[in-house]
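The values are calculated or read from the model by the stated rules, or taken from the named source; none is laboratory data. Computed from a prediction, not measured in an experiment: that's the story for all the values here. Every residue, glycine as well, gets a Cβ built from its backbone with ideal geometry; the counts of neighbours run over all protein chains shown.
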Amino acid sequence: MNNRVSDTLFKNGKLYLEVLKNLEHLFETEENHDVIIYAGEEQNQKVIYAHSVIFCCQSNYFRTAFSNNWAEKENGIYIVAKLI
């Protein structure tokens, strides 16, 4: 890895664990979300609150979808009802 941030994270195990803990917190809370995903059918539908930056870092599909406004956005929140 030639990235200074990743070098710092991996050299300092405590900092790395703290970053992972903070990322885990993002997945466990609705706090500061900018994506809502409706998954499943009506009666069994699950609502997932997420963060577009995480999706964009991990997925070309979402990077394209969010940059080209393929996903509907309401009040600053991307609404994703169908992923296919």
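When the residues of the stretch 70-84 are filtered to those that are touching a Phe, Trp or Tyr at 6+ places or on another chain (Cβ under 9 Å), assigned to a loop (DSSP other than H, G, I, E, B) and not basic (Lys, Arg), the one that is modelled with the highest pLDDT is Ala81.
Here is the figure for the stretch 1-54: residues that are modelled with pLDDT of 75 or more, farther than 16 Å from Val80 by Cβ and outside any helix (DSSP H, G or I) total 6.
Of a type in the set (D, E, K, R) and assigned by TED's automatic domain parsing to the domain that holds Glu74 - does that describe any residue in the stretch 42-50? Yes, the stretch 42-50 has at least one match.
Considering only residues of the stretch 35-84 that are among the basic types (Lys, Arg) and exposed (fewer than 13 other Cβ atoms within 10 Å of the Cβ), which is farthest from Leu23 (Cα to Cα)? If we take residues in the stretch 35-84 being among the basic types (Lys, Arg) and exposed (fewer than 13 other Cβ atoms within 10 Å of the Cβ), then Lys82 is farthest from Leu23 (Cα to Cα).
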